[in-house]
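A.B. asks: One structure is given below, represented as structure tokens, and several questions about it will come after.
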Amino acid sequence: MTRRLKSLTGLFAGILVVATLGACGSEGGDPAGGDELDTVTFALSAPSWNSGYTTLAVPEAEGYFKDEGLDVKVQLFPSGTQSAQQLAAGGADIGLMTGEPVAIGHAKNLGLVYFASYYPHWIYSLQLPQGSDVRSIADLEGKKIGVTAVASSGGTFARTAMELNGMSENAASLVPIGAGAQQINAIKSGQVDALALWDTQYAIVEDSGIELTPLPVPQTASIWGGGFAATQKTIDERKDVLERFGRAIAKGFAFAQANPEAAIRDLWKLHPEARGTGPEKDAMASQVKILQVRLADQGVEDDDWGRIDPKAATGMVEFMASAGLVGKAFPATEIYTTDLLDAINDFSYDDIRKQAKDAS
């Protein structure tokens, strides 16, 4: 077992001790249409709100959560590992995360299972800011790689990419550069030679005027990225609640695709800090471009959001096994289910699109 696998699995070691201490949302409540709302605690693996998460703000702003009989409490966590810990310990009902925490948790018998996709493709990659003298993964030796946090999935990916390509996982230093203005300033000032971020973060960086060049990691081509997860216990006991949550999210995607600008305004209404500074016209144009990254390949055009491609999911597990993130490969179906997706997509996409187009 590599040191990286030991350290990653160690992050989960204390979870089982405290797993019974958390209270996982409300157990009762009336279904959609009742007087009371079911409380759902949602762990979002993000350092802050930005336009990449617009589709998660729309269901609250447009009342889709309430229409589904839900009161959703969103909690931000800087990494998927921490969101997975919350799920396993009972501190959250649903978490949004990439593949590593759930696959690693599988080996620890944490029982985390995806029930809908959010990242149809692997979102992490290595990119080079302008001025970097790195030309290949081998050139990362002794360099500094910018990540949102050292314990982030981006950091894990950077170490994995180096090891898979014949280098030590510690060949380069990971430099936490946060998000937002702090991140942009760190890149522009030359504090890092490469970046290990995710797709919408790169869109934000490029929108700030920084030119980026991809540094390909061939092992991650055509693999699934992850999505919404819960414990198997929550899926068994609160399936209807998860279906209603997923349906509200699917409506948010349909709305955002039909009218991206109205969706961005929903984000700004709930999280004004996400707007940034400068003229509204410029902010809107740049943030719509970032939102479009997340809207791509979601299945919304076919009225079929959230599907999980079996081949891509298997590829994700095999990638993590080859990287030493999990001890051995296992059937990907052990960490995802498609049983909720028919109910999640059981609404009129056309009605949502009409509502979005009529929005100011």
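The values are calculated or read from the model by the stated rules, or taken from the named source; none is laboratory data. Keep in mind the model is a prediction, meaning the values are calculated, not measured. In this analysis, Cβ positions are derived from the backbone assuming ideal geometry, glycine residues included, and neighbour counts consider all displayed protein chains. All accessible areas refer to the heavy atoms of the entire protein, side chains included, with ligands and DNA or RNA removed. Shrake-Rupley method; radii C 1.70, N 1.55, O 1.52, S 1.80 Å.
A.B. asks: If you filter the range 121-210 for trypsin sites (Lys or Arg not before Pro), then keep DSSP loop positions with at most 11 other Cβ within 10 Å, what is left?
C.D. replies: Answer by residue number: 135.
A.B. asks: Still on this structure: Of the heavy-atom accessible surface of the chain (probe 1.4 angstrom), what whole percent is carbon and sulfur?
C.D. replies: Carbon plus sulfur share of accessible area: 49 percent.
A.B. asks: Among the listed pairs 143/328; 269/357; 239/269; 108/328, which are separated by more than 24 Å between their Cα atoms?
C.D. replies: 143/328; 239/269
A.B. asks: Given the peptides 306-313, 46-53, 179-186, arrange them by the average over their residues of other C-beta atoms within 10 Å, most packed first.
C.D. replies: Descending packing order for the listed peptides: 46-53, 306-313, 179-186.
A.B. asks: Please give the charge dipole size of the range 39-128, origin at the Cα centre, charges +1 on K and R Cβ atoms and -1 on D and E Cβ atoms. Round to the nearest 20 debye.
C.D. replies: 300 debye
A.B. asks: Output the relative contact order of the range 62-161, whole-number percent, from Cα pairs under 8 angstrom with separation of 6+ residues.
C.D. replies: 26 percent
A.B. asks: Which is farthest toward the positive dipole end of the range 173-250 among 234, 189, 219, measuring Cα position about the Cα centre, with Cβ charges +1 (Lys, Arg) and -1 (Asp, Glu)?
C.D. replies: The one lying farthest along the dipole's positive direction is 234.
A.B. asks: I need the shape label for the range 95-212. Rule: rounded when a/c is under 1.5, else prolate if a/b > b/c, else oblate, with a, b, c from the alpha carbon gyration tensor.
C.D. replies: oblate
A.B. asks: So, one more: Please give the contour-minus-distance gain from residue 351 to residue 222: 0.36 nm per residue of separation, less the Cα-Cα distance, rounded to one decimal in nm.
C.D. replies: So the chain would gain 43.1 nm between residue 351 and residue 222.
A.B. asks: Here's a follow-up. Taking the DSSP beta bridges in the range 122-244 as the whole, what percent of them are antiparallel, to the nearest 5?
C.D. replies: Antiparallel: roughly 55 percent of the beta bridges in the range 122-244.
A.B. asks: Now, a different point. Report the charge-dipole magnitude of the range 111-221 in Debye, nearest 20, computed about the Cα centre from +1 at each Lys and Arg Cβ and -1 at each Asp and Glu Cβ.
C.D. replies: 160 debye
A.B. asks: To continue, here is another question. Nearest 500 deg cm²/dmol is fine: what mean residue ellipticity at 222 nm does the chain get from its DSSP H runs of n ≥ 4 alone, each adding -39,500 (n - 2.57), divided by its residue count?
C.D. replies: -12500 deg cm²/dmol
A.B. asks: Could you state the accessible area per residue of the chain in Å², with a 1.4 Å probe and every protein chain left in place?
C.D. replies: Result: 41 Å² per residue.
A.B. asks: Within the chain, which is the longest segment containing none of the GluC sites (Glu not before Pro) that sit in a DSSP loop and have at most 12 other Cβ atoms within 10 Å?
C.D. replies: 212-360
A.B. asks: Additional query: Filter the DSSP H helices in the chain by two things, a Kyte-Doolittle mean of at least -0.5 and an axial alpha-carbon span of 24 angstrom or more, and list the hits by number.
C.D. replies: 239-258
A.B. asks: Something else now. With point charges of +1 on the Cβ of Lys and Arg and -1 on the Cβ of Asp and Glu, referenced to the Cα centre of the range 25-157, which listed residue (114, 40, 128) lies farthest in the positive direction of the dipole?
C.D. replies: Projecting each Cα onto the dipole axis, the largest value belongs to 128.
A.B. asks: Taking 0.36 nm per residue of sequence separation and subtracting the Cα-Cα distance, how much length would be gained by fully extending the chain between residue 322 and residue 138, in nm to one decimal?
C.D. replies: 64.3 nm
A.B. asks: Expected output is a single nm value to one decimal: the length gained when fully extending between residue 342 and residue 173, i.e. 0.36 nm times separation in residues minus the C-alpha distance. What is it?
C.D. replies: Length gained between residue 342 and residue 173: 56.3 nm.
A.B. asks: Restricting to the chain, compute how many DSSP beta bridges are antiparallel as a %, nearest 5.
C.D. replies: Just about 50 percent of them are antiparallel.
A.B. asks: Then there is this: Would you work out the relative contact order for the range 98-213, in percent, from Cα pairs under 8 angstrom that are 6 or more residues apart?
C.D. replies: It comes to 35 percent, rounded to a whole number.
A.B. asks: Quick one: which residues, 5 or more positions from residue 92 or on another chain, have an amide H under 5 Å from its amide H? H modelled 1.01 Å from N in the peptide plane, none for Pro or chain starts.
C.D. replies: 87
A.B. asks: Please report, in debye to the nearest 20, how large the charge dipole of the chain is about its Cα centre when each Lys and Arg carries +1 at its beta carbon and each Asp and Glu carries -1 there.
C.D. replies: Rounded to the nearest 20 debye, it is 1300 debye.
A.B. asks: What residue among 340, 252, 74 has its Cα farthest toward the positive end of the dipole of the chain, where the charges are +1 on Lys, Arg and -1 on Asp, Glu, each on the Cβ?
C.D. replies: 74
A.B. asks: Starting from the Cα of residue 273, move 7 Å in the Cα-to-Cβ direction to define the label point; list residues of the range 169-202 whose amide nitrogen is under 12 Å from there.
C.D. replies: 179-181
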